[in-house]
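Rule-based calculations on the coordinates, nothing more; no lab input. All values reported here derive from a predicted model rather than from experimental measurement. Positions of Cβ are backbone-derived with ideal geometry, glycine not excepted, and every protein chain shown enters the neighbour counts.
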Amino acid sequence: MVLKEIDSQQFRVMVRVATHRMGKNAEFVNSLNVFPVPDGDTGTNMNLTIESGAKAVNEDPSTSVADLTKSLSKGMLMGARGNSGVITSQLFRGFYKATQGMDTLNAKELADAFANGVATAYKAVMKPVEGTILTVARLAAQAGENKAAETDDVAEVMKAVVEGAKQALKTTPDLLPVLKQVGVVDSGGQGLLFIYEGFLEGILGENFADEYQPDAAEMDEMINAMHHQSSAQSQLSTKDILNGYCTEIMVDLTADVPGKKPFNLDEFRAHLDKLGDSLLAVSDGEVAKVHVHTEHPGSVFQYGAQFGRLGKIKIDNMRIQHETIVDHDDEKQETVDFAVIAVCSGNGIRKLFESEGVNRIISGGQTMNPSTQDILDAIKKSGAKKAIVLPNNGNIVMAAKQAAEVADIPVGIVPSKTISQGLTAMLAFDSEQSVEENVSAMTDELDLVVSGEVTQANRDTVIDDVEVHKNDFIGMIDGDLKIDNPDLIEATVQMIEAMLDEDSEIVTLMFGRDASQADAEKVEAELAKKHDDLEFEIHDGGQPVYHFLVSVE
């Protein structure tokens, strides 16, 4: 049977199925991230972006496809997180622009919409890189246009788009050497393929492929990548959290226990799903691993213990975590004429930014990329007549720029990619100058500081000829991985040594939640043995993920 057009009802189904498919596979997409840093944001960011778009579609009663694509685009724009989410939102912004005035979509119009999405996304990226989500989108759209020239069946066109995306995804390691080096395909491209597959399933009315299921060894990486979006949580009330305990267990299915029951993964998941939400459960037949948000952690333990011996157990009270986030977001409600807004995580780093004149802080960073809407809300809440935003993370710059484009006041973006750059940029801020003058002066400051980050690797890999071992400490200088060492102090010292040159004068160390003042002092003592002319500043940053954030000036 030939399907000649997509109406509003069909489009709603396509969006709903695509959102479900992206959500089911978000953690697999996270696991494809190249760097061995515990962030895993791509899948999460793309999932939250399309969820925001799907919500807007669900709330739109229109019977016109044009209206629904507009709602999808607007929702994704405001919910976009990270570079992957922003690019995805731009793909569907172009899709919407091509469908204006259309109540339904035929095969050619569908293909044209995908092609216009690609054109829009490429324009939005300053320096497009092939071997990424852009390549997958471009070749998928080309395949759709080729098929539309042969048939008027929209299902056949959508099949061609999916097949084009699959083939393009396979080529990404050849186009981007770092992917081939690590042995993965592009994570953003994989996420887009899941969305397109969801569209096709929505058109066909059937599931042609189950979601990817990782083995137990991969589960450790995925659990590390599970995180809670603080910026989104800050829009809720603590009492609205229905399942307040983030619970993780590991079950040894090979162990003999009294009254042991036979294990069936589908039944296991189905039962756990009744105990909470945000469920992630996988098994390789020997080990089962679970992540679930629940009100009754004990019930999860009791159920898991029926199938083997419990190993790793972890419980986090999310209500306490959320109250801390909300407390932070409720601070400093006064308005100013010229606001500076910074993204950061950690009480100590927050205080450093405030001491340099930042008016508002958005809680976020490496594992908590704020959305376009989060940044726009901060701009509005400042009550200012003009504003500067410091993203302090390369994965947040695009979302910040999108917020600036739709803000009601003049907003400038200083493209700081690290906390150290953001703090240094503040030295050039002058509230008496214009937004443009401040952006220029503050951006010039970014090159005056060398930034270093130390964290723990969450996988074995090789990056830029550096052999990385899981759980070793890795040092990154201005975003490039340079150091791997099993000892935290040695790794940090080696990294800072590589950051120094003959003009270096001041080394600032900000230790995070997983390091201490004593650790920082050990680093200082080791460096002082060789560099008695250096000055050292030590601060309790309180940041997650990174044991040390370092700047050299």
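Couple of notes before you dig in:
- Largest-first principal axis extents, alpha carbons of the stretch 331-448, Å: 29, 29, 25
- What the Kirkwood sum gives for the stretch 8-212 is a hydrodynamic radius of 16.5 Å, with every pair of different alpha carbons counted.
- Hydrodynamic radius of the chain by the Kirkwood approach over all distinct alpha-carbon pairs: 24.8 Å.
- The chain: relative contact order as a whole-number percent, Cα under 8 Å and 6+ apart: 12 percent
- Applying 0.36 nm per residue to the separation of residue 351 and residue 163 and subtracting their alpha-carbon distance, the gain on full extension is 62.6 nm.
- With bins 10 Å wide beginning at 0, the percent of Cα pairs of the stretch 435-535 falling in each bin runs 14, 42, 30, 13, 2.
- Residue 175 versus residue 63: modelled label distance in nm, points set 7 Å from Cα along the beta carbon direction: 4.2 nm
- Placing +1 on the Cβ of every Lys and Arg and -1 on the Cβ of every Asp and Glu, with nothing else charged, gives the stretch 331-448 a dipole about its Cα centre of roughly 440 debye.
- Comparing 167, 202, 247 along the charge dipole axis of the chain, the residue lying farthest to the positive side is 202, per the Cβ-charge model.
- Remark: the stretch 132-205 carries a charge dipole of roughly 360 debye about the Cα centre, counting +1 on each Lys and Arg Cβ and -1 on each Asp and Glu Cβ.
- Exceeding the 22 Å Cα-Cα cut-off - candidates 55/159; 351/381; 70/385; 127/401; 55/97; 289/482: 55/159; 70/385; 289/482
- Contour minus Cα-Cα distance for residue 261 and residue 408 (0.36 nm per residue): 46.8 nm
- Taking amide H atoms as placed 1.01 Å from N in the peptide plane, the amide H of residue 462 lies under 5 Å from those of 468, each 5 or more residues away in sequence or on another chain.
- Protection-proxy order for peptides 288-301, 159-172, 2-15, each taking the mean of Cβ atoms within 10 Å per residue, highest first: 159-172, 288-301, 2-15
- For the pair the stretch 431-459 and the stretch 351-387, the centres of their Cα atoms are 15 angstrom apart.
- Charged-residue dipole, Cβ positions (Lys, Arg, Asp, Glu), the stretch 1-140 about Cα centre, Debye nearest 20: 180 debye
- Summarising the strand pairing of the chain, around 70 percent of its internal DSSP beta bridges are antiparallel.
- Under 18 Å from the residue 528 label point (7 Å along Cα→beta-carbon), backbone N, the stretch 494-511: 494, 496-497, 505-511
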